[in-house]
Amino acid sequence: MSLTVKILLGMAAGLAAGVLLKAVVDPGGDLYQVLVNGVFDAGGQLFIRSLTLLVVPLVLVSLVCGAAGLGASGHMGALGVKTLVLYLTTTAVAITLALVIALLVGPGKGVHMGEMQTYESAPAPSIKDTLIDIVPKNPVASMAEGKMLQIITFALLLGIAISRAGEHGVRLRRWFEDANEVLMVLINLLVRLAPLGVFCLIAKLFSTLGWEEIRKLIEYFFTVAAVLLLHVSVVYPSLLVLLGRVHPMMFFRKMREPMIVAFSTSSSGATIPVTMRTVEQRLGVSNNVTSFVVPLGATINMDGTAIMQGVATVFIAQFYGIDLTFVQCVTVILTATLASIGTAAVPSAGLVMLAMVLTQVGLPVEGIALIIGVDRLLDMMRTAVNVSGDATVAVVVARSEGQFDETVFNTRTEDLLADASETR
Ligand code: ASP
């Protein structure tokens, strides 16, 4: 049985276990406590940790290799510009789609909330601070704190220097390449835990989920879900066909694994190792491109998050009876696109940045309290979209740079695995 099938089974079993527990076991009882807050919680946290522990070393090592290779070939600038343009454009398209559909549907009209939760907004960083923060003061501190954009900047600079340092660079590059191979083996080992980890995360979620909130906010919930679906089923396939010249069905079949891990962990950051593994080993994107495009995308490209922010802004405006002007809509598109750069790739980070978007257009930040109740499930869905957006751009950029192996892309995962074990 392939790992993807096992992960899917883990997800289905987790869903069944969670729903069953909620229905038959008393939430105050010992059994519930031991299972939900004990076993499932510990299992889920261990899985997320086992992925997160790989992120910093993997991004550093793999990006140094990538940048050293690209620096030597002189392709770095073109690759960087293409990637950034694609990331910003897809996010702007996502949020425009969200605004248009939300304005048509009107999910916030006539909603009456009973007792509202309160929301204390954490101060969102300004755009200026976000941009300055890209350059690290101390790369070791950036790594210790897991500051992704700073690690990316340092790794890129180091990689470029390696490509220009002659014989010394060659020696150091070989060391990084060896470390990269070893880390890939480690990912392949740890990812085997995914079926169990996904089971625990989903079981815990479904045994604690408040369906009441979702019922109250059903229109908001389904508007966000519908726009996410539209983006994944129209925008990405169009890019894949028109610019990547590949079949979207094959792409999504192979992306099941990272998408499920993103869905269950709600963190594109924690999913980086699984996304990189899929993009490089199954979608046929070269290591040079994968190592640059995927970690950067996980950090700055959040189409799903932007979609939630677009719908949420319209919802909150309608709830308070405020009509958004055209200028306000354009402001939302610009701020949410820039905000996605500063949104951390962790659960619920999108809500923090929503505060920034709301402030820019003069809407009450407390409005976030309205949607908190349903954000958990939407966070899972949008994170899966965020991750598939990164992989789409990786394929398109790799194709345009001649760094794409079409045979690997078109070979079924099972056959790729069979080939790999034969060579071994
Ligand atoms: N959880 C999202 C991610 O990691 C960010 C967010 O929208 O909250 O991609």
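The values are calculated or read from the model by the stated rules, or taken from the named source; none is laboratory data. Please read all numbers here as calculations on a predicted model, not as lab measurements. Cβ atoms come from the backbone with ideal geometry, glycine included; neighbour counts cover every protein chain shown.
Suppose we filter Met302, Met259 for residues that are modelled with pLDDT of 95 or more and within 12 Å of the chain's Cα centre (by Cα); which single one remains? Don't jump to the end; show me each part of the working.
On the way: Met302 fails: modelled with pLDDT of 95 or more.
Exactly one residue qualifies, and that residue is Met259.
Yes/no per residue for (1) in contact with a Ser or Thr (Cβ under 8 Å, 6 or more places away or on another chain); (2) polar (S, T, N, Q); (3) under 25 Å from Val19 (Cβ atoms); (4) away from the ligand (no atom under 16 Å from the Cβ):
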residue: Leu217; (1), (2), (3), (4): no, no, yes, yes
residue: Tyr220; (1), (2), (3), (4): no, no, yes, no
residue: Ala225; (1), (2), (3), (4): no, no, yes, no
residue: Leu229; (1), (2), (3), (4): no, no, yes, yes
residue: Val232; (1), (2), (3), (4): yes, no, no, no
residue: Leu239; (1), (2), (3), (4): yes, no, no, yes
residue: His247; (1), (2), (3), (4): no, no, no, yes
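Out of curiosity, is Gln281 among the polar types (S, T, N, Q) and either surrounded by fewer than 24 Cβ atoms within 10 Å (Cβ to Cβ) or touching a strand residue (DSSP E or B) at 6+ places or on another chain (Cβ under 8 Å) (or both)?
Working: among the polar types (S, T, N, Q): yes; either surrounded by fewer than 24 Cβ atoms within 10 Å (Cβ to Cβ) or touching a strand residue (DSSP E or B) at 6+ places or on another chain (Cβ under 8 Å) (or both): yes.
Spelling it out, Gln281 is indeed among the polar types (S, T, N, Q) and either surrounded by fewer than 24 Cβ atoms within 10 Å (Cβ to Cβ) or touching a strand residue (DSSP E or B) at 6+ places or on another chain (Cβ under 8 Å) (or both).
Can you find a residue that is at pLDDT 85 or above, more than 24 Å from Met148 (Cβ to Cβ), more than 16 Å from the ligand (Cβ to nearest atom) and not basic (Lys, Arg) anywhere in segment 381-401?
First, pick out the residues of segment 381-401 that are at pLDDT 85 or above: 381-401.
In the following step, the residues that additionally are more than 24 Å from Met148 (Cβ to Cβ) were identified as 399-400.
Filter once more, keeping what is more than 16 Å from the ligand (Cβ to nearest atom): 399-400.
From what is left, the residues that are not basic (Lys, Arg) are 400.
Yes: one or more hits.
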Yes/no for Gly14 being crowded, with 18+ Cβ neighbours inside 10 Å, touching a residue at least 40 places away in the same chain (Cβ under 8 Å) and more than 30 Å from Ser163 (Cβ to Cβ): yes
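Give Leu103, Leu79, Leu63, Leu88 a once-over and let me know the one that is more than 22 Å from the chain's Cα centre (by Cα) and either assigned to a helix (DSSP H, G or I) or within 20 Å of Val395 (Cα to Cα) (or both). Break it down stepwise before answering.
Details: Leu79 fails: more than 22 Å from the chain's Cα centre (by Cα); Leu63 fails: more than 22 Å from the chain's Cα centre (by Cα); Leu88 fails: more than 22 Å from the chain's Cα centre (by Cα).
Every option except Leu103 fails the conditions.
Going by the structure shown, is Val330 without any contact (Cβ under 8 Å) to a residue 12 or more places away in the chain and part of a helix (DSSP H, G or I)?
Working: without any contact (Cβ under 8 Å) to a residue 12 or more places away in the chain: yes; part of a helix (DSSP H, G or I): yes.
For Val330, the condition - without any contact (Cβ under 8 Å) to a residue 12 or more places away in the chain and part of a helix (DSSP H, G or I) - is met.
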Any hit, segment 178-200, residues being surrounded by fewer than 24 Cβ atoms within 10 Å (Cβ to Cβ) and not in a helix (DSSP H, G or I): no
Single condition Leu54 does not satisfy, out of (1) touching a Pro at 6+ places or on another chain (Cβ under 8 Å); (2) closer than 25 Å to Ile218 by Cβ: (2)
Among residues of segment 346-364, those that are under 23 Å from the mean Cα position of the chain (by Cα) and either away from the ligand (no atom under 16 Å from the Cβ) or in a helix (DSSP H, G or I) (or both), counted: 10
Unmet criterion (only one of (1) within 16 Å of the ligand (Cβ to nearest atom); (2) in a helix (DSSP H, G or I); (3) crowded, with 22+ Cβ neighbours inside 10 Å) for Gly367: (1)
Qualifying residue in segment 297-313 (condition: crowded, with 23+ Cβ neighbours inside 10 Å and away from the ligand (no atom under 16 Å from the Cβ)): no
